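Here the structure comes first, spelled out in structure tokens, and everything after it is commentary.
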Amino acid sequence: MVVLWRLSSLLVALALVLVPRTHGWSKEGHVLTCRIAQGLLEPEAAAAVENLLPDYANGDLSSLCVWPDQIRHWYKYRWTSPLHFIDTPDNACSYEYSRDCHDTNGVKDMCVAGAIQNFTSQLVHYREGTSDRRYNMTEALLFLSHFMGDIHQPMHVGFTSDEGGNTISVRWFRHKSNLHHVWDREIILTALADYYEKNLDSLQEELVGNFTDGIWFDDVASWEECDDLLTCSNKYANESINLACKWGYKGVEPGQTLADEYFGSRMPIVMKRIAQGGVRLAMVLNLVFGDSQHGFAAAS
Ligand SMILES: *[C@@H]1O[C@H](CO)[C@@H](O)[C@H](O)[C@H]1NC(C)=O
Ligand SMILES: *[C@@H]1O[C@H](CO)[C@@H](O)[C@H](O)[C@H]1NC(C)=O
Ligand SMILES: *[C@@H]1O[C@H](CO)[C@@H](O)[C@H](O)[C@H]1NC(C)=O
Ligand SMILES: *[C@@H]1O[C@H](CO)[C@@H](O)[C@H](O)[C@H]1NC(C)=O
């Protein structure tokens, strides 16, 4: 048993190292979102999350928040690949669930907003004791936690023809990158190196400080507003495509070098989206697993 258990931890560790990540907040973005969220859980939700996590996570949700990126190319999980993003019509700068939430074959609901609804609803049924036994609730929790991060990354709700900026090659300071990756990872890594001595804990502390008692203090209540647990993801997707147009694509030509000016003006957007993703993931988990009935009323 112990050997098997260690083997599976080793495989998880190996997957972490070996699988290239082309989509999704980087590891750092997801870790921050999930750590922020876990820190805001009320006791019932905290206990439910701990219960669903495998032992090797040691109660740390953030340690498995990148899991959906690691398995998306495995045969068994190929169906999850379209669930990380939404392609919207080029230059429309708008999002509509009925028009945009489908995979490339047109299968409805197969997009990040549909996935958030799906896994939220699975967890609500689990909580109510009416869950479908075919579904794995540990996986539902990890998918929900990951996709709440992705839907807040502006370029995850991007244009169809450039795959959310993936096909727009740019230079990030001196090395080659692409516009999607700049938003997934480059901005976060440059911020970590320039301002936080590469220490994720310091960055996390400042993010939390900025909404508990700083520049975002007055905004948090509006971030958490959600009348219907199952459709609020549409609001987040709409915010993302608007930010993608206003800040992501704006002024960027293929082959261009993006450096100080782009970094300085976009970093605050990235930081705010990470914080919002964390606050909202906590809100959803608190409603789904909370003591009170309002979560279920909101979700039904
Ligand atoms: C919802 O999750 C189930 C498995 O848990 C999966 O078969 C289905 O394709 C998912 N749909 C969406 C839209 O995520
Ligand atoms: C649920 O999924 C996790 C992660 O894939 C896996 O380790 C676990 O064995 C699964 N549980 C069941 C009951 O299949
Ligand atoms: C936190 O807010 C300060 C302004 O009060 C700002 O300079 C800093 O960049 C913010 N940090 C993060 C991580 O958002
Ligand atoms: C989408 O976002 C835009 C810009 O913020 C806003 O004007 C519009 O009302 C939003 N649409 C929906 C359906 O939320």
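Laid out as a table, the results:
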item: Residue list for the stretch 239-252, restricted to those being within 28 Å of T120 (Cβ to Cβ) and in contact with a strand residue (DSSP E or B) (Cβ under 8 Å, 6 or more places away or on another chain); result: S240, I241, A244, G248
item: Any hit, the stretch 66-75, residues being under 18 Å from R273 (Cβ atoms), in contact (Cβ under 8 Å) with a residue 12 or more places away in the chain, of a type in the set (D, E) and within 16 Å of ligand 1 (Cβ to nearest atom); result: yes
item: Single residue of the stretch 132-155 satisfying the filter (charged (D, E, K, R) and modelled with pLDDT of 95 or more) that is nearest to ligand 4 (Cβ to nearest atom); result: D150
item: Matching option when the condition is on the phi > 0 side of the Ramachandran plot and modelled with pLDDT under 95, among G165, G106, G129; result: G129
item: Single residue of D87, D103, D60 found to be of a type in the set (D, E, K, R) and crowded, with 21+ Cβ neighbours inside 10 Å; result: D87
item: Which numbered condition S202 misses (of (1) closer than 30 Å to Y249 by Cβ; (2) over 20 Å from the mean Cα position of the chain (by Cα)); result: (1)
item: Lone unmet requirement of (1) among the small types (G, A, S); (2) more than 14 Å from ligand 1 (Cβ to nearest atom); (3) at pLDDT 95 or above; (4) within 19 Å of the chain's Cα centre (by Cα) for G24; result: (3)
item: Matching residues, the stretch 163-181, being in contact (Cβ under 8 Å) with a residue 40 or more places away in the chain and part of a loop (DSSP other than H, G, I, E, B); result: E163, G164, G165, N166, I168, F173
item: Hits in the stretch 113-131 - residues which are among the hydrophobic types (A, V, I, L, M, F, W, C), more than 16 Å from ligand 4 (Cβ to nearest atom) and in contact (Cβ under 8 Å) with a residue 60 or more places away in the chain; result: L123, V124
item: The stretch 133-143, subset touching a helix residue (DSSP H, G or I) at 6+ places or on another chain (Cβ under 7 Å) and within 10 Å of ligand 1 (Cβ to nearest atom), residue nearest to W25 (Cα to Cα); result: F143
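The values are calculated or read from the model by the stated rules, or taken from the named source; none is laboratory data. Quantities reported herein were computed from a predicted structural model and do not represent experimental measurements. Methodologically, a virtual Cβ is constructed for each residue, glycine included, from the backbone with ideal geometry; neighbour enumeration extends over all protein chains shown.
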